[in-house]
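A short write-up of the structure that comes next.
The values are calculated or read from the model by the stated rules, or taken from the named source; none is laboratory data. If you're wondering where the values come from, they're calculated on a predicted model, not measured in any experiment. Using ideal geometry, Cβ is built from the backbone for each residue, glycine included, and neighbour counts are taken over all protein chains shown. Quick note on the areas: whole protein, heavy atoms, side chains included, nothing else; ligands and nucleic acids left out. Shrake-Rupley method; radii C 1.70, N 1.55, O 1.52, S 1.80 Å.
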Amino acid sequence: MRNLFPILMLITNLALNNDSSSNNNNNNSFIHATCRKTPYYSLCVTTLQSDPRSNEADITTLSLVMVDAVKSKSIEIMKKLKELEISNPEWRGPLSQCYVAYNAVPRADVKVAVEALKKGVPKFAEDGMNDVVVEAQTCEFSFKNDNILVFPISDMSQEIIELSKVAKSIIRMLL
């Protein structure tokens with residue numbers, strides 16, 4: 001009987017590993033199928049695959065993962081804006097306007113989107129992701145309005161716009 005125990009444990013582990021790898025393959029396919037319906041397939045796939053919540057997710061969870069990615073990017077942008085304010089005091093005005101605009105992303109847009117998704121009201125979540133694009137455009141306009149030819153966070157701004165569009169596309173699948 002003692003000799004049988006290790007063999008039974010080995011068989012059980014192999015069965016569990018096969019089952020979990022099958023689930024991961026199924027969900028990986030689900031992620032790819034979902035991301036094909038978004039405007040930025042590669043961004044969608046890499047973002048979702050980088051978050052462990054996506055491993056056994058439904059569309060709502062994938063939406064929440066993308067909304068969280070938007071939040072993370074907004075926080076990264078706000079840190080960059082503070083750094084730029086120190087190194088470029090002549091840009092203080094437009095940088096301050098940008099900070100206010102991007103501060104609305106985690107405090108309002110993301111907050112509304114998360115609550116809406118958790119309550120099963122995806123239309124409001126979609127509106128929150130639309131607002132992220134407005135925040136990014138407001139920031140860019142503040143530089144143009146000040147006749148500053150350089151938009152120092154252009155790449156980051158484009159990234160958050162793309163993330164919010166992917167999030168919005170996934171959220172629309174819930175409508």
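A compact table of results
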| item | result |
| --- | --- |
| Cross-chain or 6+ apart pairs with Cβ under 6 Å, the stretch 27-54 first and closer than 24 Å to Q158 by Cβ, then at pLDDT 95 or above and of a type in the set (K, R) | P39/K165 |
| Residue within the stretch 56-73 that is in contact with a helix residue (DSSP H, G or I) (Cβ under 6 Å, 6 or more places away or on another chain), modelled with pLDDT of 95 or more, surrounded by 14 or more Cβ atoms within 10 Å (Cβ to Cβ) and not in a helix (DSSP H, G or I) present | no |
| Matching residues, the stretch 158-175, being surrounded by fewer than 24 Cβ atoms within 10 Å (Cβ to Cβ) and touching a Pro at 6+ places or on another chain (Cβ under 8 Å) | E162, K165, S169, R172, L174, L175 |
| Matching residues, the stretch 89-117, being without any contact (Cβ under 8 Å) to a residue 24 or more places away in the chain, closer than 14 Å to V67 by Cβ and either open to solvent by 90 Å² or more (accessible area, probe 1.4 Å) or acidic (D, E) (or both) | R107, K111, E115 |
| Inter-residue pairs, beta-carbon under 7 Å, first without any contact (Cβ under 8 Å) to a residue 40 or more places away in the chain and part of a helix (DSSP H, G or I) and in the stretch 147-161, second among the hydrophobic types (A, V, I, L, M, F, W, C) and buried (at least 19 other Cβ atoms within 10 Å of the Cβ), 6+ apart | I161/A136 |
| Residue match in the stretch 75-91 (condition: within 27 Å of H32 (Cβ to Cβ) and assigned to a helix (DSSP H, G or I)) | yes |
| Test: residue in the stretch 83-100 that is under 12 Å from the mean Cα position of the chain (by Cα) and either basic (K, R) or within 20 Å of I160 (Cα to Cα) (or both) | no |
